[in-house]
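Student: What follows is a structure written as structure tokens; I'll ask about it next.
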Amino acid sequence: MQKIIQNNIKGIAIALMVLGIVSCSKDDVNLNELDETIFVRHKKADMPAYIHGNAAEKVFLIILHGGPGGNGLWYRVNSIRTEIERNNAVVYFDQRGHNNAQGNYSEKEVSIDIMAEDVVALAKVIKAKYGEGSKLFLMGHSWGGTLGPATLLKNQDLFSGYINVAGAHDPKGLYAAYRTNLPRVANEQIALGNTVAYWKNILDVVQNSDATNSLTAFSKLNIASHQGEQKLEADKVINASKADYGDDQPSNNLSKIRWNSAQIQDMLVVEQGLFQKVTFTDSLAEITIPSLVLWGKYDLVVPTVFAQEAFDNLGANEKELFIFEKSAHSPMLNEPDLFSAKVIAFINRHK
Amino acid sequence: MKQYTIIFLFVYAVHFQAQSQFDGATFLERTAFKIGYHGNVFSDNGLHLGAEYLWKEKIRVKEKRKGPKTITHQLLFNGSIGYVTNFTNRTDNGLHTHYGLIWRRTSPKRWQWNLEVNPLGYYRSFLPETFEVKGDEVSKVQFPGRSYYAPSVAIGIGRNRPEKRRSGWYLNLNCTLRIPYNAGTLPTFSVQYGHRFNFKKK
């Protein structure tokens, strides 16, 4: 046996090398069922992009997660995983400082401006890896809807369309909107006899809230808005939230997620005054690529008034607004089938 | 930072070797090796290997009614290396190595308390396919990953099996820092469970 090996050592080595090269070749990637994790290195940060789904037509939907403090794979849920991934590939991206993104940079290098550049960098990487002809769509949910316009204002030529899902294009305006929206919803629910004591308390909370948009005042009403959505769900005003990850339950390091969330929130929300200083309302007119605006009728976190504002201000000739009647801030959890139908129709129309 | 860590590790290794020649006992007689699980069970899992070299030992015998009670306090040099990965998201692969001291108390019934302080530590993350973007240039990164200074502390329990080849087990709760991580420091928490063994001549 030893002799046979010695005599054929060169042949075996060459065969192994060929096998190695073949096994590493790009052809191995099944574009119909992509399942890849790549990292984007940009401005001292390494950020993961989890790419799943059908890339046969080289159509990619990049999802910008909410927060600040969320993470990419939380969105690989329900019909996004089962329907949208069947139509096109979906790129779940951990933004700078979030979840599994790592790096070595100063606090000054955490800003909406640099984070928008990161998303542009991600788009360039996808085009470099899968081909310049790849069609990219950008979807921003909540805080991702702040980063979305910031990205498109840097370079919208990279994208074939923008999907704004309850996006906070005007974080600075949220506080004033809470003070109007919460009493409106509270009165509506009291009239319906739903959880009356809770909504009466909300009326008091808003009544006693400071007219000035400070971080403390904002946080109080933001928490009230999140809790209010839970009450609406309990009273069956909206559909129950469903988060089905199938066999792909994200197994992230929870302590790392929480730690990173706290750090990034401290920088963007506390230090940089995200909810006191930032607005993209006046710049939305510069976004001219086809746009789809999706919102839950009972969104208390980014009130539904911003849906119309986004639609009216976007500069695209081809734009559409759709309101989910039984949803709050996350229609992909409340009405997943309708959500994916709307997204798929938009992508297929503009790809 | 990387250079300083390497110099520290080198000086430490020389010091470590010098100590082993300090008295009559051989290096192997004073050293226990260890192997075990390292991770947080839910997401990141891996293995670690290491060695503990007995530096100082104080044995106190208390006379009790039921007979003498022996309590041992030890100071040991500690060195370990390990690899941890997240099998599902492929983003949390890393090699770590730690060097420091262990204080250990062993009760008459062989139960042990461990307190481990490792001021010297290094963590190297290994990333999957990575692309660097500079302006419009996109290039593939060779050997992608990052290096971190990674000191750690651990506290735990264990049990000693004197005169046995497999000389005991330990269960530690470990906290390791990765510095600098993003715009600050990342603390990571993990469990270490393993067994010690030795190559003492019987």
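Student: Counting only C-alpha contacts under 8 Å and six or more residues apart, can you give the relative contact order of chain B as a whole percent? Intermediate results must be reported in sequence, preceding the final value.
Tutor: Numbers: 491 pairs, mean separation 37.4, N = 202.
Taking the mean separation of contacting Cα pairs over the length of chain B, I get 19 percent.
Student: How large is the charge dipole for the range A:81-130, taken about the Cα centre, if only the Cβ atoms of Lys, Arg (+1) and Asp, Glu (-1) carry charge, to the nearest 20 debye? Don't jump to the answer; show the numbers that get you there.
Tutor: Values: 7 positive and 8 negative charges, 57 e Å.
Magnitude of the dipole: close to 280 debye.
Student: Output the relative contact order of the range A:175-234, whole-number percent, from Cα pairs under 8 angstrom with separation of 6+ residues.
Tutor: Values: 33 pairs, mean separation 23.1, N = 60.
It comes to 38 percent, rounded to a whole number.
Student: Using the Cα centre as the reference, give the magnitude of the dipole from point charges on the C-beta atoms of the range A:175-234 (Lys, Arg: +1; Asp, Glu: -1; all else neutral), rounded to the nearest 20 debye. Provide the component values of the computation, followed by the final result.
Tutor: Numbers: 5 positive and 5 negative charges, 15 e Å.
In debye, rounded to 20, the range A:175-234 gives about 80.
Student: Order these by the 10 Å Cβ neighbour count, fewest first: B:GLU132, A:GLU325, B:GLU116.
Tutor: Details: B:GLU132 17, A:GLU325 13, B:GLU116 23.
By the 10 Å Cβ count, ascending, the order reads A:GLU325, B:GLU132, B:GLU116.
Student: Nearest 10 degrees is fine. How inclined is helix A:254-265 to the longest principal axis of chain A, computing both from alpha carbons?
Tutor: Between helix and principal axis, roughly 60 degrees.
Student: Let me ask you something else. What's the magnitude of the charge dipole for the protein assembly as shown around its Cα centre, counting Lys and Arg as +1 and Asp and Glu as -1 at the beta-carbon? Answer in Debye, nearest 20.
Tutor: On the way: 64 positive and 52 negative charges, 880 e Å.
The dipole of the protein assembly as shown has a size of about 4220 debye.
Student: Something else about it: Not counting the cut sites, what is the longest span of chain B without chymotrypsin sites (Phe, Trp or Tyr not before Pro) that DSSP labels loop and that have at most 14 other Cβ atoms within 10 Å?
Tutor: Working: sites that count: B:PHE22, B:PHE42, B:PHE87, B:PHE199.
In short, B:88-198.
Student: Let me ask something additional. Using the alpha-carbon centroid of each, what span in Å lies between the range B:92-160 and the range A:30-80?
Tutor: The range B:92-160 and the range A:30-80 have Cα centres separated by 28 Å.
Student: Taking a ≥ b ≥ c as the square roots of the Cα gyration tensor eigenvalues, with a/c under 1.5 meaning rounded and otherwise prolate when a/b beats b/c, else oblate, which class fits the range A:133-249? Let's see the in-between values first.
Tutor: Numbers: a/c = 2.93, a/b = 1.57, b/c = 1.87.
Cα axes put the range A:133-249 in the oblate bin.
Student: Considering just Cα atoms, how many Å³ per residue does the convex hull of the protein assembly as shown enclose? Before the final figure, lay out each step's value.
Tutor: Working: hull volume 123.1 nm³, N = 553.
It comes to 223 Å³ per residue, whole-number rounded.
Student: Pop out the ³J(HN,Hα) list for the range B:157-170 in order, Karplus 6.51 cos²θ - 1.76 cosθ + 1.60 with θ = phi - 60°, rounded to Hz; leave Gly and Pro as x.
Tutor: Result, rounded to whole Hz: 10, x, 9, 8, 10, x, 6, 10, 4, 8, 8, x, 10, 8.
Student: Here is a further query. Roughly what angle does helix A:112-130 make with the longest principal axis of chain A, taking Cα atoms, 0 to 90 degrees, to the nearest 10?
Tutor: Rounded to the nearest ten degrees, it is 40.
Student: How much mean residue ellipticity at 222 nm does chain A get from its helices, if each DSSP H run of length 4 or more adds -39500 (n - 2.57) and you divide by all residues, to the nearest 500 deg cm²/dmol? Please list the in-between numbers first.
Tutor: Numbers: 12 runs with 147 residues, N = 351.
Rounded to the nearest 500, the figure is -13000 deg cm²/dmol.
Throughout, read-outs are computed from the coordinates displayed, never taken from laboratory work. Computed from a predicted structure; not experimentally measured. All Cβ positions, even for glycine, are placed from backbone atoms using ideal geometry, and neighbour counts span all protein chains on display.
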